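Report on the following structure.
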2 protein chains.
Amino acid sequence: MDEAAQQTSPAKRARKGAPRPPRRAERGETPASKSEQTRARILDAAAFVFARKGYSDARLSDIARTARMQTGSLYYHFASREELVAEVMRAGVEQVHAAVRARMETIPEGTPEVERLRLLLECHLLTLIDENDYTRAISRLLGQVPPRLQLQHSANGRQFMALWRGLLREGQASGALRADVDMSAIRMLLLGAMSWSIVWFKPENGPAELVARDFARMAVDGLRARPD
Amino acid sequence: MDEAAQQTSPAKRARKGAPRPPRRAERGETPASKSEQTRARILDAAAFVFARKGYSDARLSDIARTARMQTGSLYYHFASREELVAEVMRAGVEQVHAAVRARMETIPEGTPEVERLRLLLECHLLTLIDENDYTRAISRLLGQVPPRLQLQHSANGRQFMALWRGLLREGQASGALRADVDMSAIRMLLLGAMSWSIVWFKPENGPAELVARDFARMAVDGLRARPD
DNA sequence: GTCTATACCTAGATAGAC
DNA sequence: GTCTATCTAGGTATAGAC
């Protein structure tokens, strides 16, 4: 269907200057046993493929090829296609969550609530669209996977969701955000707007930073309580 | 008489690469032939199923059962699964577009630009989530279908996209909306937020009208040019 | 136009050699 | 651990009767 991403031998990608899945070592994580490494390689490959093809068009054979092994060999490391998908989604949520939490740490003490919210929205969106296969994969997969996996995913994201719920609720409680809106709907709309950006965002059309900045600004300005 | 053209089955036409004859329903006339009615019934069934199962989990057998016929019989009316999907998406776009255009007509002459925009956003979101299988289907399908269908869909939605682009651009030009944001990104983010709502919106959690109102208000307040 | 029956093919999964 | 070979299910699509 999508010939472009179909034959991705590393050699061919190198010649074409096409993207190649980033390795764990490059992300500064500690190396592990060979089995661990292979598992990680498969996971990276899966994220790479799911991010580009979505759920239904991604074949185990694509993933195997990207991980430089035979399709059957995958089953030594993962029990099923579904387990692979679940694992990629789990890792994806974890990465966005981690990025946002890390960003929180770097925000100076006395920063106004609304500004904090703005910075975190910006960070969330940036993390999603800025060259991370796991987060790109998760956004594409979310609406596509069978209900069972969606449920599992919401369970994974419960803490993360709670973070946003807390931020918005506190903003309302303190009077920084307008009180006359249903924040749970707004929360979903904001997260949705960001998730959806994976589908249309192309780096060629402008830097991710700008998109993130404009979006975050619109959102907080639209929610900020105003004197009038 | 164009019923004559319909006596060639879609499958045969597809193989020959011949264009499909325009149908009465598309020309705003009353559908008459039995074939037309059956086709419409199948389309409704497809929208029903796609809206609930998404692309990859929807089976032709599901659609056939919903339309009260056998799977094989579908092929008298549609050349392939893909044609069916494409047709549902086309109809979905058309319905939202029509709803928004109709809403435009009802807005009083002197209404301020920003208020107009707010009403139209509200209408768009409401149309999407308010019990319309075609629009629900299209929102779910968008991120899931193969690239070819996505392209076809963007072509279908070009006019519609242009409508939003125009509204936002005019808003900026007249000074009603802030000038220092990239409106094409904002446009996609807004449309994305609304599309995504299909995934999470449940009538039990509150009326669609409220969600639409809060969202539209946040968006225009966030984009409105302000004196400060 | 719709049915029944079935061909065909893809892709997930398994078995056993090495 | 990874390979090759193969099984199997199930879903799209076709053929031909009625």
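Averaging the sequence gap over all C-alpha pairs within less than 8 Å and six or more residues apart, then dividing by the number of residues, gives segment B:79-205 a relative contact order of 32 percent.
A simple rule links phi to the HN-Hα coupling: the Karplus curve 6.51 cos²θ - 1.76 cosθ + 1.60 with θ = phi - 60°, which for segment B:63-73 gives 5, 4, 4, 4, 8, 6, 8, 8, 3, x, 5 Hz, with x for Gly and Pro.
In terms of accessible area, using a 1.4 Å probe and ignoring ligands and nucleic acids, A:224, A:68 rank largest first as A:68, A:224. Cα-based radius of gyration for the protein assembly as shown, normalised by 2.2 N^0.38 Å, reads 1.05. By the rule of a C-alpha distance below 18 Å, with chain neighbours fewer than 8 residues away ignored, the aspartates and glutamates paired with residue A:202 are A:2, A:122, A:130, A:131, A:133, A:214, B:182.
When you have a sec, figure out the Kirkwood radius of chain A from all distinct Cα pair distances and drop it here in Å to one decimal?
19.1 Å
When shorter helices are ignored and each DSSP H run of at least 4 residues is given -39500 (n - 2.57), the per-residue value for the protein assembly as shown at 222 nm works out to -22000 deg cm²/dmol.
Note on segment A:167-228 and segment B:208-222: Cα centroid distance 12 Å, given to the nearest whole angstrom. Under a 5 Å amide H cut-off, with hydrogens placed 1.01 Å from N, residue A:177 pairs with A:172, A:225 among residues at least 5 apart or on other chains. Phi angles of segment B:122-127 translate, via the Karplus equation with coefficients 6.51, -1.76, 1.60 and θ = phi - 60°, into HN-Hα couplings of 4, 5, 4, 5, 4, 4 Hz per residue; Gly and Pro are given as x.
Put a label point 7 Å from Cα along the Cβ direction on residue B:154, then list its distances to the equivalent points in the other copies in nm, shortest first. For residue B:154, the inter-copy label distances come out at 3.3 nm. In the elastic network of chain B, a GNM with C-alpha springs shorter than 10 Å, the most mobile of B:69, B:89, B:161 is B:69. Label-point spacing at residue A:36 relative to the other copies reads 6.8 nm, in ascending order, each point sitting 7 Å out from Cα along Cα→Cβ.
Taking the centroid of alpha carbons for each part, segment B:42-110 and segment B:118-142 are 13 Å apart. Axis of helix A:34-57 versus longest Cα principal axis of chain A: the two differ by about 70°, to the nearest ten degrees.
The values are calculated or read from the model by the stated rules, or taken from the named source; none is laboratory data. Just so we're clear, the structure is a prediction, and the values are computed from it rather than from any experiment. Neighbour counts run over all protein chains shown; Cβ positions are idealised from the backbone, glycine included. Side chains included, ligands, DNA and RNA excluded: accessible areas come from the protein's heavy atoms. Shrake-Rupley method; radii C 1.70, N 1.55, O 1.52, S 1.80 Å.
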